[in-house]
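Written out below as structure tokens is the structure these notes cover.
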């Protein structure tokens, strides 16, 4: 737990000193939903570079951190396809909101032998909706709760 706290603190410090590439916002939640589906479909087609290029436009995170995440994603998804088989499409499984200022959407990319989960969180900033966080993992079993 202490390691996580230190990691979070370090990340927050980096965020405050780093330049980010986000320069666009979404006008409304319909645009965020369309964006989530587009990125999820890109993941299912292994269009990872294209996905991260789009994410950068709306995600106020340092560009070098996004690039690092993209690099790791490319590495693991190439292995994943060998292990899980071919992609069989995308399913939106959940949408949650906190009042009118935060949205979280969860998608599943199905493969022949398993699946991955993509989670998008959006925040309504002063200028419009932005990507607050994005993650993917193979822990879709958590969705049975």
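The values are calculated or read from the model by the stated rules, or taken from the named source; none is laboratory data. Computed from a predicted structure; not experimentally measured. Glycine gets a Cβ as well: all are built from the backbone with ideal geometry, and neighbour counts include every protein chain shown.
The condition (being within 20 Å of residue 126 (Cα to Cα), more than 14 Å from the chain's Cα centre (by Cα) and part of a helix (DSSP H, G or I)) is satisfied by just one residue among 82, 30: 30. Just to be sure, is residue 74 farther than 15 Å from residue 29 by Cα, touching a residue at least 24 places away in the same chain (Cβ under 8 Å) and under 11 Å from the mean Cα position of the chain (by Cα)? Considered against the rule, which asks whether it is farther than 15 Å from residue 29 by Cα, touching a residue at least 24 places away in the same chain (Cβ under 8 Å) and under 11 Å from the mean Cα position of the chain (by Cα), residue 74 comes out as no. Do you know which residues across segment 111-123 are part of a strand (DSSP E or B) and either out of contact with any strand residue (DSSP E or B) (no Cβ under 7 Å at 6 or more places or on another chain) or in contact (Cβ under 8 Å) with a residue 40 or more places away in the chain (or both)? Answer for segment 111-123, where residues must be part of a strand (DSSP E or B) and either out of contact with any strand residue (DSSP E or B) (no Cβ under 7 Å at 6 or more places or on another chain) or in contact (Cβ under 8 Å) with a residue 40 or more places away in the chain (or both): 116, 118, 120, 122. All conditions but one from (1) farther than 29 Å from residue 82 by Cα; (2) at pLDDT 95 or above apply to residue 21; the one that does not is (2).
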